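First the structure, in the form of C-alpha cells, and then the observations on it.
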Amino acid sequence: MEMRQLGSSGLRVARLTLGTMTWGRDTDEHEAAEQLRSYLDAGGNLLDTAAIYGDGDSERVIGGFLGTLVVRDEILIATKGGISIKDGERVVDNSRNSLIRDLDNSLARLGTDYVDLWQIHATDPSVPIEEVLSTLDYAVSSGKARYVGLSNFPAWQVAQAATMQNPLFGKTPIASLQVEYSLLNRRIERETVPALNSLGLGLLAWSPLGRGVLTGKYRAGIPSDSRGATPHFADRIAAYLDPRSRNIVDAVCVAAEGLGYSPIEVALSWVRDHPSVTSAIVGARTGAQLRGALTVEEIVLPEQVRTALDEVSALSE
C-alpha cells in the first residue's frame, strides 16, 4: 500500500487507514481480528480509534491484539480524546485535566506506553485554545504521544492552532486534521482544505463512503442489518438520504457499472486520490466488508469519471 507523508511531519502513513469505531460494539473481537489481518496483509499501517468509541471498547480490543496479532512497533495507532458520555449525554471537555485523563486511560486500555498520533476530538468553546495546545505539548514532551493533531475543528481554529504551535518557538507542531470528507460532503473544500495546504497539515478523511450511503445499499430502503437501522447511527445515515445525495449515489453506481468496479471502489478512490488527502479512513462492521473496500488499491479512476463525479457532487455557491 502506498505510504504518504502526514503533512510536514516525519510520520509516514498508509493512504488507507483502518477505522475501528465499531470494534467492541457492532464488531466482535473475532471479526476485528479478521479485519486487522486483512488490512496488514494489504500493507496498511495505521489504526484509528478514540476514547469514546464503544466507551473505550475499541481501544481495549486493539490492546488485546498488540503482541499477539501485531508487534507494537510495526503498527501506528491514532486515538482521540476530549469526548465522553455522561448520564447518557455526549460531553466535550477539552480542559487540561480531562484531556490528560483521557490520554492516560487510552494508553491503559491500549496496553502501550505511547500513541503515534493523539488528536483532540472536537472543539470546546468553553476552554481557551492556549490550554488545549499546552496539553498537546505535554503529551509529546512526556513521551505519551509521538505526534499530535486535531479532529473536527473549523478551519479558522485549525489555522489559529497551527500558527500558535510554531516549532520555532519550542512548540509541538500540529501534524494533521481529521475531518469528514466524501462525495456527499465536500464542505471542507471551501476553507479547510486551502488552510491545510497553506499550513502544511495532513488530512485524514473520515467517512469517505458518506456514512455507508455511497455503497448504494440504501437506494431501495434501509436494510435491517445496516448501520442505518441501529439506534446510534440512524440519524447520521438519514442526513444523507435526501434528493441531492440520491443523485450522487446514482452517479457513483452508474460509474461503477460502466467501469466494472463496485460503488465502494469508485467512491473511496475518489477521496483517496484527492491531492489534499493524506489517508482515507475505512471502517467496516465485518471482515468481508473490509476486504471489499481494500480492493480499491487496484483502482485508479479515469479522469473523465472523476470530472463527472466532481460535477454531480459540486458544492452550491
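Data for the structure
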| read-out | value |
| --- | --- |
| Among (1) small (G, A, S); (2) assigned to a helix (DSSP H, G or I); (3) crowded, with 24+ Cβ neighbours inside 10 Å, the one test that G44 misses | (2) |
| Any chance V282 is among the aliphatic types (A, V, I, L, M) and over 16 Å from the mean Cα position of the chain (by Cα) | no |
| Among the candidates L136, L103, residue that is among the aliphatic types (A, V, I, L, M), within 20 Å of the chain's Cα centre (by Cα) and either over 21 Å from V61 (Cβ atoms) or at pLDDT below 95 (or both) | L136 |
| Residue that is modelled with the lowest pLDDT, among those in segment 176-211 that are under 13 Å from G19 (Cα atoms) and assigned to a loop (DSSP other than H, G, I, E, B) | R211 |
| Conditions (1) crowded, with 22+ Cβ neighbours inside 10 Å; (2) in contact with a strand residue (DSSP E or B) (Cβ under 9 Å, 6 or more places away or on another chain): number failed by G24 | (2) |
| Residue match in segment 159-172 (condition: assigned to a helix (DSSP H, G or I), among the β-branched types (V, I, T), surrounded by fewer than 18 Cβ atoms within 10 Å (Cβ to Cβ) and on the phi < 0 side of the Ramachandran plot) | yes |
| Residue count, segment 301-317 (criterion: over 16 Å from V249 (Cβ atoms) and in a helix (DSSP H, G or I)) | 4 |
| Positions within segment 58-104 being over 20 Å from E31 (Cβ atoms), buried (at least 19 other Cβ atoms within 10 Å of the Cβ) and in contact (Cβ under 8 Å) with a residue 24 or more places away in the chain, in sequence order | L76, A78, T79, K80, G81, G82, I83, S84, N94, L99, D102, L103 |
| Hey, T79 modelled with pLDDT of 95 or more, within 14 Å of R109 (Cα to Cα) and among the polar types (S, T, N, Q) or not | yes |
| Which numbered condition G287 misses (of (1) at pLDDT 95 or above; (2) closer than 30 Å to E29 by Cα; (3) surrounded by fewer than 20 Cβ atoms within 10 Å (Cβ to Cβ)) | (1) |
| Single residue of L177, L107, L117, L196 found to be buried (at least 23 other Cβ atoms within 10 Å of the Cβ) and more than 30 Å from S313 (Cα to Cα) | L117 |
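The values are calculated or read from the model by the stated rules, or taken from the named source; none is laboratory data. Predicted, not measured: the structure shown is a model, and the values here were computed from it. Cβ coordinates were reconstructed from backbone atoms using ideal geometry, including for glycine residues, and neighbour counts include every protein chain displayed.
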